[in-house]
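The values are calculated or read from the model by the stated rules, or taken from the named source; none is laboratory data. None of the values given here were measured: they were computed from a predicted structure. Here the Cβ is made from the backbone with ideal geometry for all residues, glycine too, and neighbour counts use every protein chain on show. Just so you know, the surface numbers come from the protein's heavy atoms only, side chains and all, with ligands and any DNA or RNA stripped out. Shrake-Rupley method; radii C 1.70, N 1.55, O 1.52, S 1.80 Å.
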Amino acid sequence: FSATMPTAFYIGLDTQLQRYDILTHASSVVFDITAQFGDDKEIYHANSSNDDRVHSFTMRRTTNQVLIGCGVYREDTHQFSYFPAQGNFHECQVDKSGQWLLIKEDRNSAGNEDNRIIDLFTGAQTVLLQAQGAAGQSDNGFGAMVAVDASNALPNAIRRWTFGPLAPGPLVYNSLTGLPPSLTQISFANARSAPFDQQYACGAA
């Protein structure tokens, strides 16, 4: 759902991202990737900033569903950006502010979950490897993410990271030793442009 239009949500439909209103049943096209990237590619797993101006999406080939990289569209300037996969691509997500892009990929095709964090304002990129605590399950807030830290010795350790500059925050949660993980999916939909102690994340297993 849109953060600013409470009755509208986004649908990735083939080459288009559409906005659909559940009350009026009206839909509108936010963008179409055909002219920019060709008709042999489609949108997969789209995300939007809280002001509805910046949209990220995984791009995949329609012929074999291979994930080839991450696209970003700025609705206010009608401009696309593209970040090709480095290794095996997994997914990408713009943060709630629209400035930061989190890309998850296995950079060396070694079975890892590595991260690339991109400042969409400057183009600067920072790599966070799995051994350094790269995010597995995660969700983005404003210039930050809440993420499972697979490199931590505690079971199912969940840490907050800030993006600019990239820095690890404190552990905010961990499961009990010997018991199944109690949080395997994370939602940071409550994220706001506010101090972290005024926000919360949810999770499920």
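Things worth noting here:
- Of residues in the stretch 82-112 being aromatic (Phe, Trp, Tyr) and touching a Phe, Trp or Tyr at 6+ places or on another chain (Cβ under 9 Å), the one farthest from Met145 (Cα to Cα): Tyr82
- Within the stretch 93-118, being over 13 Å from the mean Cα position of the chain (by Cα) and surrounded by fewer than 23 Cβ atoms within 10 Å (Cβ to Cβ) holds for Asp106, Arg107, Asn108, Ser109, Ala110, Gly111, Asn112, Glu113.
- Just one of the numbered conditions (1) under 24 Å from Gln199 (Cα atoms); (2) open to solvent by less than 40 Å² (accessible area, probe 1.4 Å); (3) out of contact with any Lys or Arg (no Cβ under 6 Å at 6 or more places or on another chain) is not true of Thr58: (1).
- Of all residues in the stretch 119-129, those being without any contact (Cβ under 8 Å) to a residue 40 or more places away in the chain and open to solvent by 20 Å² or more (accessible area, probe 1.4 Å) number 7.
- Restricting the stretch 147-166 to residues that are in contact with an Asp or Glu (Cβ under 8 Å, 6 or more places away or on another chain) and farther than 18 Å from Ser56 by Cβ leaves a set whose member that is modelled with the lowest pLDDT is Ala150.
- Residue match in the stretch 12-25 (condition: out of contact with any His (no Cβ under 8 Å at 6 or more places or on another chain) and within 27 Å of Ala167 (Cβ to Cβ)): no
- Test: residue in the stretch 22-38 that is small (Gly, Ala, Ser), modelled with pLDDT of 95 or more, assigned to a strand (DSSP E or B) and open to solvent by 50 Å² or more (accessible area, probe 1.4 Å): yes
- Residue count for the stretch 56-81, restricted to those that are under 15 Å from Val94 (Cα atoms) and not in a strand (DSSP E or B): 1
- For the stretch 75-92, the criterion of a residue being at pLDDT 95 or above, under 17 Å from Asn140 (Cα atoms), buried (at least 20 other Cβ atoms within 10 Å of the Cβ) and under 15 Å from the mean Cα position of the chain (by Cα) is satisfied by at least one position.
- Cross-chain or 6+ apart pairs with Cβ under 7 Å, the stretch 23-40 first and within 12 Å of Met59 (Cα to Cα) and of a type in the set (Ser, Thr, Tyr), then open to solvent by less than 90 Å² (accessible area, probe 1.4 Å) and assigned to a loop (DSSP other than H, G, I, E, B): Thr34/Thr15
- Yes/no for Thr58 being over 24 Å from Val148 (Cβ atoms) and modelled with pLDDT of 95 or more: no
- Test result for Ala46, buried (at least 18 other Cβ atoms within 10 Å of the Cβ) and without any contact (Cβ under 8 Å) to a residue 40 or more places away in the chain: yes
- Residues that are within 20 Å of Lys96 (Cα to Cα) and in a strand (DSSP E or B), drawn from the stretch 2-19: Ala8, Phe9, Tyr10, Ile11, Gly12, Leu17, Gln18, Arg19
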